[in-house]
1. For the chain, give the percent of accessible area contributed by carbon and sulfur heavy atoms, probe 1.4 Å, rounded to a whole number.
2. Pop out the Kirkwood hydrodynamic radius of the chain from its pairwise C-alpha distances, inverse of mean 1/r, in Å to one decimal.
3. Please give the per residue accessible area of the range 71-115, computed with a probe of 1.4 Å over protein heavy atoms only, in Å².
4. About the Cα centre, and with charges only on the beta carbon of Lys, Arg (+1) and Asp, Glu (-1), how big is the dipole of the chain? Nearest 20 debye, please.
5. With the other protein chains left in place, how much accessible area per residue, in square angstrom, belongs to the range 3-63 at a 1.4 angstrom probe?
6. Ranked by accessible surface with a 1.4 Å probe, highest first, in what order do Trp36, Trp105 come?
7. State the three equivalent ellipsoid semi-axes of the range 1-54, derived from the C-alpha gyration tensor as the square roots of 5 times its eigenvalues, in descending order and whole Å.
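The values are calculated or read from the model by the stated rules, or taken from the named source; none is laboratory data. Values in this document were obtained by computation on a predicted structure and should not be read as measured data. Glycine also receives a Cβ, built like all others from the backbone with ideal geometry; neighbour counts cover every protein chain displayed. Ligands, DNA and RNA are excluded from the accessible area calculation, which covers all protein heavy atoms including side chains. Shrake-Rupley method; radii C 1.70, N 1.55, O 1.52, S 1.80 Å.
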Amino acid sequence: QVQLVESGGGLVQPGGSLRLSCSASGSIFSISAMGWYRQAPGKQRELVATITSGGGTNYADTVKGRFTISRDNAKNTVYLQMSSLKAEDTAVYYCYVDRSTRRFWGQGTQVTISS
């Protein structure tokens, strides 16, 4: 099993920034991709960003140029730097890691963009 602990969510004004972190522990050998999804009230969970073990990244069109995903393999941690935040970025953000054929999820962290 892999356990994921997220941190960094909160309330921020439009135009502000937040940095989310997600640390993995447990059976963390052979972790490949890591990433973030989000789910807003009444909407389906959507992919925000992914990063491969080699550092390749992919972003949803809605966050390109504003969000940056990164990972520290030594710490088994994935980050999501979010800038120029908008009200529509309000959601619960979930991190995930892929290990072999399985995907493990974090518990989610609330991000609220409001003035």
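1. Details: 2760 of 5860 Å².
In the chain, the share of accessible area belonging to carbon and sulfur is 47 percent.
2. Numbers: mean 1/r = 0.0712 Å⁻¹.
With all distinct Cα pairs of the chain included, I get 14.0 Å.
3. Averaged over the residues of the range 71-115, the accessible area is 48 Å².
4. Taking the Cα centre of the chain as origin, the dipole is about 120 debye.
5. Result: 53 Å² per residue.
6. So, going from the largest accessible area down, we get Trp105, Trp36.
7. On the way: eigenvalues 117, 39, 29 Å².
Result for the range 1-54: semi-axes of 24, 14, 12 Å.
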